[in-house]
Amino acid sequence: MGAAGGDGRAPRYDAVVVGSGFGGSIAALRLAEAGRSVCVLERGRRYVPGEFPRDVTDVDALLWDHPARARSLGLFDARFLSGIGTVTASGVGGGSLVYASIHIRPDASVLAGRGWPRSVDRDVLDPYYDRVARMLDVRPLPEELALPKRDAFRAAAAAVGREVFDPDLAVAWTEAPGDGREACRLCAECEFGCQLGAKHTLDLTYLARAEEQGAVVVPRALVSHVAPARQGYTVLYRDLRDGAARAVRGARVVLAAGTLGSTEILLRSRDLAGTLPALSPALGSGFSGNGDFLGSVQNAREDLVPWRGPDVTSVIRYLDAPPEFTLAAPTFSRPVMEVLASLGQGGGGALRRAGPALWPRLGTILRWALRRGLLSQPVRWRGPHAGEPGRMTNLFAIGRDSAGGRMGLRRGRLDVEWDYAGENGVLIARMEAAMRELADAYGGTFAPILTWNLCRRIVTVHPLGGCRLAESPRDGVVSPEGEAFGYPGLFVADGSVIPSSIGFHPVMTISAVAERIADAVVAGFPR
């Protein structure tokens, strides 16, 4: 346990971990297993199964919008930045609370070149992939389960001559994990927070074990910056429970607040607080949306029963020619699919001229619509091509984008500048063509996500980069072992260190890299 000094100094720990998602929870466990005192700071609240928000009109419980709206400390952090939209999570367990549980080891070629350090390749990461797979007990969706949406997706893949596979998922399919948790009921609510505890989220696995071994978790602690201190670093944060400014010290600090959070903390430390002035000039560069591109199929020829099963069952590979990508068909619970189907597939052409002006206001528009219940039930004015919700599926492509975004501070808040459409036109064209071909195989109609038609902007749920692994500070922010150049004992371990887009669901790679970095953090302590 950490102890406060008698002179009123901040509490001290061997290690302070900022964030509790795939990087932070892994670091916390490995440090606690090594007998180190650990404090985990998490900006969001702690959820238990059954407590995730379902009333979409309760915007403050649903969305994170601090500090613009101080009371809005919800689960989803949706941002419409200058060059791209992002959706991330806030809560103890981080992104694992709302991800689709998909774990895929990317092809070796993904980790060869494209900015990856020579010392980090598939062979190096394979033992860490194995470690993550064991900890989260990943396995594919059982073949014996009859799921029309899986059958239809496989049939569409066969019709267009593409390889399809069922990925591993971190889900308890048939046996309850215990501790009041239940097995999966195939309710397609994976990305809204599993009310059953059937997902092996980080708060219920890595972090729970870390706490059993003495790690201290402090929810609602919003970190502002990091400053060097004698024999380590001071992490300064605001306690969102009472608004007080507080601090904690660690001989080692691991930033794992996600791509947006860790990069913003370092930018604030370097450029606003001036406490880490020697951070690499590469800080903020290399931002990637992992090629995320969303579309939909309406009016399929058969009933897909899209609300039965996990959100995603299978993945198609499009790796025969660059730019490469993979493609899935996520669907959600029945109430959500009914709303989505009623919206139809508008092209946005009539408002396209207003798109650039609308884009930065989409967050406000979204909150307004949610608060008034406009998205809590099917809309009365059914949109173009609106059809039966049972005959609808989303299509989600994940590709090898250019990773050309630049993260920086604008009026003290994080922003991303990127001509995404200009740099990734070929990728988008190939993904959109593949989606149209699949829609034809379904016998349905297709449209890309409205933000693309209207504003030529994508929305990513897989932001990467900004604090890239590299051999030198010229090319990245942290060493191949995750240690910040120029600041011994300060590590970063989350999606921000990934040097390139992956083209697959990235969680398994983020986790494997975090496991490797955790080993380096532990090894750095005197024996």
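The values are calculated or read from the model by the stated rules, or taken from the named source; none is laboratory data. Just so it is clear, the model here is predicted, and its values are computed rather than measured. Because the Cβ atoms are built from the backbone with ideal geometry, glycine has one as well, and the counts that use them run over all protein chains shown. Note: areas computed on protein heavy atoms with side chains; ligands, DNA, RNA excluded. Shrake-Rupley method; radii C 1.70, N 1.55, O 1.52, S 1.80 Å.
State the number of residues belonging to the stretch 500-513 that are closer than 15 Å to ALA170 by Cβ, open to solvent by less than 10 Å² (accessible area, probe 1.4 Å) and hydrophobic (A, V, I, L, M, F, W, C). The number of residues fulfilling the criteria is 2.
Pairing residues of the stretch 21-48 that are polar (S, T, N, Q) with residues that are outside any helix (DSSP H, G or I) and surrounded by 24 or more Cβ atoms within 10 Å (Cβ to Cβ), at Cβ distances under 7 Å and at least 6 apart in sequence or on separate chains, gives SER37/TYR13. Out of all the residues in the stretch 485-497, is one or more open to solvent by 10 Å² or more (accessible area, probe 1.4 Å) and of a type in the set (A, V, I, L, M)? Within the stretch 485-497 (the criterion being open to solvent by 10 Å² or more (accessible area, probe 1.4 Å) and of a type in the set (A, V, I, L, M)), the answer is no, since none of the residues qualifies. Taking the stretch 436-460 as the range and being in a helix (DSSP H, G or I) and either over 18 Å from GLY383 (Cβ atoms) or of a type in the set (Lys, Arg) (or both) as the test, the residues that pass are ARG436, GLU437, LEU438, ASP440, ALA441, TYR442. Where strands (runs of 3 or more DSSP E) sit wholly within the stretch 5-120, those with at least 2 residues that are farther than 26 Å from PHE332 by Cβ occupy 12-18, 38-41.
Mind telling me which of the residues PRO384, PRO356, PRO378, PRO360 ends up being closer than 21 Å to TRP64 by Cβ, open to solvent by 20 Å² or more (accessible area, probe 1.4 Å) and either in contact (Cβ under 8 Å) with a residue 12 or more places away in the chain or part of a strand (DSSP E or B) (or both)?
On the way: PRO384 fails: closer than 21 Å to TRP64 by Cβ; PRO356 fails: closer than 21 Å to TRP64 by Cβ; PRO378 fails: closer than 21 Å to TRP64 by Cβ.
None of the other options fit; the residue is PRO360.
Among the candidates VAL120, VAL98, VAL124, the residue that is in contact (Cβ under 8 Å) with a residue 60 or more places away in the chain, touching a helix residue (DSSP H, G or I) at 6+ places or on another chain (Cβ under 8 Å) and buried (at least 21 other Cβ atoms within 10 Å of the Cβ) is uniquely VAL98.
Selection over the stretch 141-181 of residues that are without any contact (Cβ under 8 Å) to a residue 24 or more places away in the chain and closer than 26 Å to THR88 by Cα gives a count of 0.
From the set of residues in the stretch 178-191 that are at pLDDT below 95 and open to solvent by 50 Å² or more (accessible area, probe 1.4 Å), which is farthest from ASP137 (Cα to Cα)? If you could, list the steps in order and put the result at the bottom.
First, pick out the residues of the stretch 178-191 that are at pLDDT below 95: 178-180.
Right, trim to open to solvent by 50 Å² or more (accessible area, probe 1.4 Å) and you get 179-180.
Numbers: ASP179: 16, GLY180: 18 Å.
Looking at the filtered set, the residue picked out is GLY180.
For a quick check of your reading of the model, give me the residue pairs whose first member lies in the stretch 446-463 and is over 17 Å from ASP77 (Cβ atoms), whose second is part of a loop (DSSP other than H, G, I, E, B) and modelled with pLDDT under 95, with beta-carbon atoms closer than 7 Å and at least 6 apart or on different chains. Cβ pairs passing all conditions: ALA447/GLN345; ALA447/GLY347; LEU450/GLY346; LEU450/GLY348; ASN453/GLY347; ASN453/GLY348; LEU454/GLY348.
Here's a check for you: in the stretch 412-427, which residue that is farther than 19 Å from GLY355 by Cα and touching a helix residue (DSSP H, G or I) at 6+ places or on another chain (Cβ under 9 Å) is most open to solvent (accessible area, probe 1.4 Å)? The residue in question is ARG413. Being surrounded by 23 or more Cβ atoms within 10 Å (Cβ to Cβ), in contact with a strand residue (DSSP E or B) (Cβ under 8 Å, 6 or more places away or on another chain) and part of a strand (DSSP E or B) is not true of ARG238. Only one of the numbered conditions (1) part of a loop (DSSP other than H, G, I, E, B); (2) under 19 Å from the mean Cα position of the chain (by Cα); (3) of a type in the set (Ser, Thr, Tyr); (4) farther than 30 Å from ASN453 by Cα is violated by SER280, and that is (2). For the stretch 296-307, taking the residues that are in contact with a strand residue (DSSP E or B) (Cβ under 8 Å, 6 or more places away or on another chain) and under 13 Å from THR331 (Cα atoms), the one that is most open to solvent (accessible area, probe 1.4 Å) is identified as TRP307.
Within the stretch 255-274, residues that are closer than 20 Å to VAL87 by Cβ sit with their Cβ atoms under 7 Å from residues that are of a type in the set (Ser, Thr, Tyr) and open to solvent by less than 20 Å² (accessible area, probe 1.4 Å), at 6+ positions apart or across chains, in these pairs: ALA256/SER262; THR259/SER496; LEU260/THR86; SER262/SER496; THR263/SER496.
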